[in-house]
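Visitor: I have a structure here, written as structure tokens, and I will follow up with some questions on it.
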Amino acid sequence: MKKAIIAAASVGMFAAGYAIAQDVEIATWSGFRKGAASFTFDDGAPSHVTDAGPMFKKYGYKATFNVVVNWNPNWSGFQGLADEGHEIASHSNTHGNNMSGEEASSKQAIAGKINQKYGVITVAYPNCNVPNESAVLQNYIVGRICNGSWKGMNDEMGKDGPSNWAQVPATMTGAEGQLKSTNDFTGRMQKVIQSNGWAAFLTHGFQGKQNGNANYSPTDINAIDGALKWAQQNDKDIWVAPMGHVAMYLKERKASKAEASTSGGNITVKLTHNIKDNISNYDYPLSLRVKYSGSSANVTQAGAKLESKIDGGYVYFDAVPNAGDIVIAGEGGSGPSPESSSSSVSESSSSKTAKSSSSRSNPWGRSSSSGTNPWEQFISSSSGTDAIEDIAFTNQHFSVYRSSDNYIVVGGAQGMPITVYNHMGQVVRVTRGLGFEQKVYTGAKGAYIVRVGNRTFKVSL
Ligand SMILES: [Zn+2]
């Protein structure tokens, strides 16, 4: 076993006579990757919306954008980034020398402007000056400083995170920073892959772009593009995710207990933690693996289907702590979902898919009578390879997007039904939102429509 994997718990329940102990492990980082990297952007530059957003979308990665309330950032533009799964976080109200006194008020002000399911959970300090730490920790799960080395710390963190969550380091990029070229970024990512650690980067504006007040230490955007391209090529080893998401995962992983037992041919896993604060629900999915000898498995949590994969004698899946029992059933097992999680679809599951699709309305809207069917317009206008478009109109903000490892990810849909349709209008996946975000389909490339409640999104894998 590599160090990248934390053995969480291995509990046998022998009392029933047939129950067998099962090994269950919680991954150090999401997807059993070896290291984590977070890209953060300060000062709410116009170019963050116009240039950084599309660049991250190209690779399926998400970042953290720390905005300054009184600098009147492009709120609708940053709302669009939030809807695509990015984190919008605080960088104070006024960008004074020290933000003490603005810890709670800047959080509230941003929360009033940006609708994101998990709220404003991280803050970056203006001018790298640490404000009132207790006020920070009452409002945020991360308080971000600048280079760790400027404070006699390391620039990167280990797998257990920072020694002080009010002083989380991020390395400055650009003209005045240590990271200027793609190689500078990839060097840091290689370092945390080797150490099972976490690196964060701090970028302001970009050279030659519209940066507004974010004019300190401009970074060559091509250096970051190259870094993201490298990350995607090494996606099995490096987890690129926003600061708040990585922090949630890390805190949950350290606090969670996973217990598995076998009974009646099914494996049941209980994944729980006791973290309590007023900032986050800590319901970011954790990656788990359980020793498994079968060739296919149907994994559910509280009855909702989870994506899973079998490899090397384990079944792998992501599950949400405190969201109910996880049941792993073999082929023909008694799991509640009718669908096979195997990538090879059997005839029986195909016919089930066809049957279920015929009983549902087809969101692709093949039968257009008026000629103004929005679904057909939608289909004919979609040409991008990773375009994700929201064509419904309500005030609730979900995020639906393609992840870097080619899953559809739905965020902010706790308790809501989620249905994935293929380009034929057939239902390929039915599940329900469990936690902060949920993977709902993987496998064949193509265009899919994702219905969350009464809203509909398109995702291309
Ligand atoms: Zn700043």
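The values are calculated or read from the model by the stated rules, or taken from the named source; none is laboratory data. Please read these numbers as outputs of a predicted model, since none were measured by experiment. Here the Cβ is made from the backbone with ideal geometry for all residues, glycine too, and neighbour counts use every protein chain on show.
Visitor: Does Lys270 meet the test of being in a strand (DSSP E or B) and surrounded by fewer than 18 Cβ atoms within 10 Å (Cβ to Cβ)?
Guide: Yes; evaluated as a whole, the condition is true for this residue.
Visitor: Any chance you could count how many residues in the range 131-167 are out of contact with any Ser or Thr (no Cβ under 9 Å at 6 or more places or on another chain), within 18 Å of Gly96 (Cβ to Cβ) and crowded, with 17+ Cβ neighbours inside 10 Å?
Guide: Selection size over the range 131-167: 2.
Visitor: Looking at Lys276, Lys291, Lys305, which one is free of Cβ contacts under 8 Å to residues at least 12 places away in the same chain and either over 19 Å from the mean Cα position of the chain (by Cα) or in the same structural domain as Ile326 (by TED's automatic domain parsing) (or both)?
Guide: Result of the check over Lys276, Lys291, Lys305: Lys276.
Visitor: Still on this structure: Out of Ala231, Ala227, Ala260, I need the residue that is of a type in the set (A, V, I, L, M, F, W, C) and either over 21 Å from the mean Cα position of the chain (by Cα) or at pLDDT below 95 (or both). Which one?
Guide: Ala260
Visitor: Which numbered condition in (1) in contact (Cβ under 8 Å) with a residue 60 or more places away in the chain; (2) surrounded by fewer than 24 Cβ atoms within 10 Å (Cβ to Cβ); (3) within 16 Å of the ligand (Cβ to nearest atom) is the only one that Asn66 fails?
Guide: (2)
Visitor: Would you check which residues across the range 199-242 are more than 16 Å from the ligand (Cβ to nearest atom) and assigned to a strand (DSSP E or B) and list them?
Guide: If the condition is that a residue be more than 16 Å from the ligand (Cβ to nearest atom) and assigned to a strand (DSSP E or B), then Ala199, Ile238, Trp239, Val240 are the ones that fit.
Visitor: For the range 99-119, give me each residue that is at pLDDT 95 or above, away from the ligand (no atom under 16 Å from the Cβ), buried (at least 21 other Cβ atoms within 10 Å of the Cβ) and assigned to a loop (DSSP other than H, G, I, E, B).
Guide: Ile114
Visitor: Still on this structure, I have one more. Among residues belonging to the range 69-98 that are under 29 Å from Lys458 (Cα atoms) and of a type in the set (Phe, Trp, Tyr), point out the one that is nearest to the ligand (Cβ to nearest atom).
Guide: Filtering first and then ranking leaves Phe78.
Visitor: Anything in the range 157-192 that is of a type outside the set (Phe, Trp, Tyr) and in a helix (DSSP H, G or I)? List them, or say none.
Guide: Thr182, Asn183, Asp184, Thr186, Gly187, Arg188, Met189, Gln190, Lys191, Val192 - these are the residues of the range 157-192 that are of a type outside the set (Phe, Trp, Tyr) and in a helix (DSSP H, G or I).
Visitor: Moving to a separate point now. Please verify whether the range 125-148 includes one or more residues that are touching a residue at least 60 places away in the same chain (Cβ under 8 Å), away from the ligand (no atom under 16 Å from the Cβ), closer than 23 Å to Arg402 by Cβ and under 20 Å from the mean Cα position of the chain (by Cα).
Guide: Scanning the range 125-148, I find no residue that is touching a residue at least 60 places away in the same chain (Cβ under 8 Å), away from the ligand (no atom under 16 Å from the Cβ), closer than 23 Å to Arg402 by Cβ and under 20 Å from the mean Cα position of the chain (by Cα), so the answer is no.
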